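So the structure is just underneath, and the comments pick up after that.
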Amino acid sequence: MTKIYLTRHGQTEWNVEGRMQGTQDSALTSLGVKQAEWLGSSLQSEPMDLIISSSSGRAVKTAELIRGTRNIPLETNDRLKEINLGEWEGRLQSQIQKFFPYEYKHFWEEPHLYESTEGEDFAEVIERAGRELEQLALDNEGKTILVVTHAVVLKCLMAYFEEKPVRDVWSGAYMHSTSLSLVERAAGEWKVHFQGDTAHHEASSSP
């Protein structure tokens, strides 16, 4: 059996500004740093063999803060980066909604209809991230690992674990900053124990 905790990076400057990040990056805010530290404290007594982070800076910084002073190996992984949003990356959501109204509606409300000319669609992220988690579970059988990644990747992974169609990718818990999920892989099956938990947050926070 492989036990996998999953979390999203802490709040970033672009989250606050309402910009779409995708494969681009922005720094954690002071709240984002605290969110990662809160999660690290809540996991302090949980045995952890390995931390695997998306190679995006915001995720790596979050992973480092969660690890704190614990002697846990930390690896980065390009295949756990956020969905590639093409020309949307770095733009304000309000601008995207204005200039790409149908695509924006599809992204948030009808994900099975969303198409990106320069980036990825949801089905591609489900395939990419799902395949990577299968490999991670195989490579780390019997271990407990923490995966630090991104909101869309987490929702796509939950769709993969629960075998949901792309149209339902946004259903279920919202993945707030440093929200925690737990899955297990045993006997060829995935089991989701909980998802999107923010009980460790010590104050109300923005996504």
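In segment 165-184 there is no residue matching the filter, namely being modelled with pLDDT of 95 or more, out of contact with any Gly (no Cβ under 9 Å at 6 or more places or on another chain), over 29 Å from residue 88 (Cβ atoms) and polar (S, T, N, Q).
Results for (1) in contact with a strand residue (DSSP E or B) (Cβ under 9 Å, 6 or more places away or on another chain); (2) of a type in the set (Val, Ile, Thr); (3) under 22 Å from residue 5 (Cβ atoms), shown as yes or no for each residue.
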position: 101; (1), (2), (3): no, no, no
position: 135; (1), (2), (3): no, no, yes
position: 142; (1), (2), (3): yes, no, yes
position: 149; (1), (2), (3): yes, yes, yes
position: 160; (1), (2), (3): yes, no, yes
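Residues that are closer than 22 Å to residue 129 by Cβ and among the basic types (Lys, Arg) within segment 31-66 comprise 58, 61, listed in sequence order. For segment 87-108, a residue qualifies if it is surrounded by fewer than 14 Cβ atoms within 10 Å (Cβ to Cβ) and closer than 15 Å to residue 152 by Cβ, and exactly one does: 108. When residue 140 is tested against the conditions (1) surrounded by 20 or more Cβ atoms within 10 Å (Cβ to Cβ); (2) touching a residue at least 40 places away in the same chain (Cβ under 8 Å), the lone failure is (1). Of the residues making up segment 119-134, those that are part of a helix (DSSP H, G or I) and in contact (Cβ under 8 Å) with a residue 60 or more places away in the chain number 1.
Among the residues making up segment 191-207, those that are under 20 Å from residue 46 (Cβ atoms) and either surrounded by 20 or more Cβ atoms within 10 Å (Cβ to Cβ) or not aliphatic (A, V, I, L, M) (or both) are 191, 193, 194, 195, 196, 197, 198, 200, 201, 202.
Per-residue answers, yes or no, for (1) of a type in the set (Phe, Trp, Tyr); (2) over 21 Å from residue 58 (Cβ atoms); (3) surrounded by fewer than 21 Cβ atoms within 10 Å (Cβ to Cβ); (4) out of contact with any Lys or Arg (no Cβ under 7 Å at 6 or more places or on another chain):
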residue: 118; (1), (2), (3), (4): no, yes, yes, yes
residue: 125; (1), (2), (3), (4): no, no, no, yes
residue: 144; (1), (2), (3), (4): no, yes, yes, no
residue: 151; (1), (2), (3), (4): no, no, yes, no
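For residue 31, are the conditions met, namely being on the phi < 0 side of the Ramachandran plot, of a type outside the set (Asp, Glu), modelled with pLDDT of 95 or more and surrounded by 17 or more Cβ atoms within 10 Å (Cβ to Cβ)? Yes, satisfied.
Among the residues of segment 125-149, those identified as of a type outside the set (A, V, I, L, M, F, W, C) and within 17 Å of residue 197 (Cβ to Cβ) are 144, 149. Per the conditions (1) assigned to a loop (DSSP other than H, G, I, E, B); (2) within 23 Å of residue 123 (Cα to Cα); (3) out of contact with any Ser or Thr (no Cβ under 8 Å at 6 or more places or on another chain); (4) in contact (Cβ under 8 Å) with a residue 60 or more places away in the chain, the sole criterion not satisfied by residue 182 is (1).
The values are calculated or read from the model by the stated rules, or taken from the named source; none is laboratory data. Quantities reported herein were computed from a predicted structural model and do not represent experimental measurements. Heads up, the Cβs are rebuilt from the backbone with ideal geometry, glycines too, and the neighbour counts pull from every protein chain shown.
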